[in-house]
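Taking it in order: structure first as structure tokens, then the write-up.
Just so you know, all these numbers are worked out from the coordinates, no wet-lab data involved. The shown structure was predicted, so the numbers you read here are calculated from the model rather than taken from an experiment. For neighbour counting, all protein chains shown are included, and Cβ atoms are generated from backbone atoms with ideal geometry for every residue, glycine included.
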Amino acid sequence: MRDSQQQATARGPEIQASSFAGLLRGYRFSVCTDRVATESALDVRRRVYRENCGYDVPVPDDYDARSWLLLAEHVDSGEAVGTMRITPRSAGPLEAEEYFRLPRHLLSPHTAEVTRFAILPEHRRGHGIMPGVSFGLFKLLINFLDEIGARHAVVCSKEERIWTYEWLCFRRTGLVASYAKLANAAHELLTVELQELRQRREHPLWEFVFTSRPAEMVLPPPTAQFGPVRYLGPRPVSIAATE
């Protein structure tokens, strides 16, 4: 199964940026800036992590109070269907640091962690490549990391999903640990340097991620002053302010 998925994803170079953008039709992708959006994102995570996967994790947890949540919505139904969390290290230790001693270059306020990636089962289907919800959340992730001035992103992944992150230019560190809170499943730490990612112009996703501005993507204005989940906790420390 994994081989067939890898082969399908490897066909990505044949697809133009416009084709990637077409995958987003029918969805809306945004950064949560109010209570309603945040509750919707948390509900998706709760349904996927607790109900579908059976993980005994609190939703929300302590990291949510100092993280931003991304949200994918199905436009016609208005249903929240996907979410992802961005935790800046400028606001405190990352969740990964519960299990790993980070490499020295990642011990920086300019490092951000990507966690709690969740998509409702009926919206995970793709046509030979990753589904549109995954593409949309990934584009929003990279564009928003640019806005907050992050230099590195880290993610912890199960072995069977690592190939997806590698295709998205994350690199394996060789650091593996059992995640007690996720049924003791083994996770490997992967990382990507945002500047290096910007230079990978040969990658089939480059134009889609860095130059396209699809209507389905909603980024907050650069001057927006909002907390990631204001009613749960304070706004994360600005990464740019630490320079």
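Structure notes:
- Residue ranges 203-213, 85-95 sort as 85-95, 203-213 when ordered by packing (mean number of other C-beta atoms within 10 Å per residue, highest first).
- Using R0 = 30 Å, the C-beta based FRET efficiency linking N52 and V176 works out to 0.80.
- A Förster distance of 25 Å, applied to the separation of the beta-carbon atoms of A183 and D62, puts the FRET efficiency at 0.80.
- Taking the centroid of alpha carbons for each part, the range 153-188 and the range 56-81 are 21 Å apart.
- Segments 108-115, 49-56, 158-165 sorted - mean Cβ within 10 Å per residue, highest first: 108-115, 158-165, 49-56
- Estimated FRET transfer efficiency (R125, D43; beta-carbon r; R0 35 Å; 0.05): 0.95
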